[in-house]
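Colleague: Can you keep this structure in mind? I'll have questions shortly.
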Amino acid sequence: MTARGPLLKDELDIVIPTIRDLAFLEQWRPYLSPYHLIIVQDGDPTKKIHVPEGYDYELYNRNDINRILGPKASCISFKDSACRCFGFMMSKKKYIFTIDDDCWVAKDPSGHEINALEQHITNLLSPSTPLFFNTLYDPYRAGADFVRGYPFSMREGVATAISHGLWLNVPDYDAPTQLVKPAEKNTRFVDAVMTIPKGTLFPMCGMNLAFDREMIGAAMYFGLMGDGQPIGRYDDMWAGWCCKVICDHLGFGVKTGLPYIHHSKASNPFVNLKKEYKGIFWQEEIIPFFQQVVLPKEAVTVEQCYIELAKQVGEKLKGLDPYFTKLAEAMVTWIEAWSELSGCQKAK
């Protein structure tokens, strides 16, 4: 918050996927209550979700998704946090902050509460440096600058499309690591933000994430996961791999590091293993695929890049499993639905 009021109040939506009451928002009230929430209710659409008083929100369940998208609703995952991307589609704002319902306000080493949203906004409104690494990390932060030897021609940086935040307490581990280290907690607060270099992929976590919806939103599709699919818990990572390849192609930046949230509880590692099992093997081929993707120079919009990426997924990963043919088709359906809704919003 600033003396002038909440930053980007009229330009940012908060998207939350959930299957339960949102009591966690009470702790976030000082930071999130001025903003508009888009809640995507997963699971049973007849269940009543309680939202604390004083929040401005719209809530969508599976019936709403089917009503709004019609046959194209098939691209939105069911019984998986990937359903959150429907909220990205329904937003009319420039920026999105998405957070999970088991994330609390974290504290820095001095004991002060961290305004995660404010830090995300700071990240998104400052440039990124994907073309040349600055050893003092983010050179645009107060008290930092470009180090000796950094080319002056690159010091303007590029626009930042994604701000990827981190977590204290329960780490974002896969099921095998959870099983080996069931009691491990992340207590290490690293006061740093850095740009992920061009050509480098990363495992994007969706529980504490912000992005420029106008810049990269069309690629922020969390895939086809959960109920009826052979894989889960790879939704945010799939979106991260797709977005990073497209950001590299179009010249956008991705930042990671601050802000931290407090991840309150670990999900069941045995349930997670069942969801992740195939992905643990598939990722060994999926990641090399993304590392080798080349997008044509004629692809100059995110939508064009994403359609081309879907085509390559369908062609090059179908031998891994028939699921990837289905996923490629869903990627195209997502872009069609995104374009239709964006057209409707612009026409209003």
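The values are calculated or read from the model by the stated rules, or taken from the named source; none is laboratory data. Values in this document were obtained by computation on a predicted structure and should not be read as measured data. Here the Cβ is made from the backbone with ideal geometry for all residues, glycine too, and neighbour counts use every protein chain on show. All accessible areas refer to the heavy atoms of the entire protein, side chains included, with ligands and DNA or RNA removed. Shrake-Rupley method; radii C 1.70, N 1.55, O 1.52, S 1.80 Å.
Colleague: Phe252 fails exactly one of the following numbered conditions: (1) among the hydrophobic types (A, V, I, L, M, F, W, C); (2) closer than 27 Å to Tyr140 by Cα; (3) open to solvent by less than 20 Å² (accessible area, probe 1.4 Å); (4) within 19 Å of the chain's Cα centre (by Cα). What is the number of that condition?
Modeller: Of everything listed in (1) among the hydrophobic types (A, V, I, L, M, F, W, C); (2) closer than 27 Å to Tyr140 by Cα; (3) open to solvent by less than 20 Å² (accessible area, probe 1.4 Å); (4) within 19 Å of the chain's Cα centre (by Cα), Phe252 misses just condition (3).
Colleague: Note down all Cβ pairs under 6 Å where the first residue falls in the stretch 263-282 and is over 13 Å from Tyr173 (Cα atoms), the second is aromatic (Phe, Trp, Tyr), and they're at least six residues apart or on different chains.
Modeller: Cβ pairs passing all conditions: Ser264/Trp104; Gly279/Tyr234.
Colleague: Six or more apart or on different chains, Cβ under 7 Å: which pairs go from a residue in the stretch 79-94 that's outside any loop (DSSP other than H, G, I, E, B) and open to solvent by 10 Å² or more (accessible area, probe 1.4 Å) to one that's hydrophobic (A, V, I, L, M, F, W, C) and at pLDDT 95 or above? Could you list them?
Modeller: Met90/Ile38
Colleague: Could you please tell me which pairs satisfy a Cβ distance under 9 Å, a separation of 6+ or placement on different chains, a first residue in the stretch 235-251 that is on the phi > 0 side of the Ramachandran plot, and a second residue that is open to solvent by 20 Å² or more (accessible area, probe 1.4 Å)?
Modeller: Partner pairs satisfying both residue conditions: Gly251/Leu131; Gly251/Val158; Gly251/Ala159; Gly251/Lys198.
Colleague: Could you please let me know if Glu285 is open to solvent by less than 40 Å² (accessible area, probe 1.4 Å), among the charged types (D, E, K, R) and in a helix (DSSP H, G or I)?
Modeller: Numbers: open to solvent by less than 40 Å² (accessible area, probe 1.4 Å): no; among the charged types (D, E, K, R): yes; in a helix (DSSP H, G or I): yes.
No, not satisfied.
Colleague: Further, regarding this structure: How many residues does the stretch 147-167 contain that are farther than 19 Å from Asp236 by Cα and not basic (Lys, Arg)?
Modeller: Matching residues across the stretch 147-167 total 11.
Colleague: Something else: In the stretch 247-272, what count of residues is obtained for those that are outside any loop (DSSP other than H, G, I, E, B) and either among the acidic types (Asp, Glu) or out of contact with any strand residue (DSSP E or B) (no Cβ under 9 Å at 6 or more places or on another chain) (or both)?
Modeller: Residues flagged as outside any loop (DSSP other than H, G, I, E, B) and either among the acidic types (Asp, Glu) or out of contact with any strand residue (DSSP E or B) (no Cβ under 9 Å at 6 or more places or on another chain) (or both) within the stretch 247-272 amount to 6.
Colleague: Name the single residue that is surrounded by the fewest Cβ atoms within 10 Å (Cβ to Cβ) among those in the stretch 193-234 being polar (S, T, N, Q) and assigned to a strand (DSSP E or B).
Modeller: Asn208
Colleague: Provide a single number: the residues in the stretch 289-339 that are in contact (Cβ under 8 Å) with a residue 40 or more places away in the chain, of a type in the set (Asp, Glu) and either crowded, with 17+ Cβ neighbours inside 10 Å or part of a helix (DSSP H, G or I) (or both).
Modeller: Residues that pass the stated criteria total 2.
Colleague: Any residue in the stretch 39-54 that is out of contact with any strand residue (DSSP E or B) (no Cβ under 7 Å at 6 or more places or on another chain), outside any loop (DSSP other than H, G, I, E, B), loosely packed, with under 14 Cβ neighbours inside 10 Å and not aromatic (Phe, Trp, Tyr)?
Modeller: no
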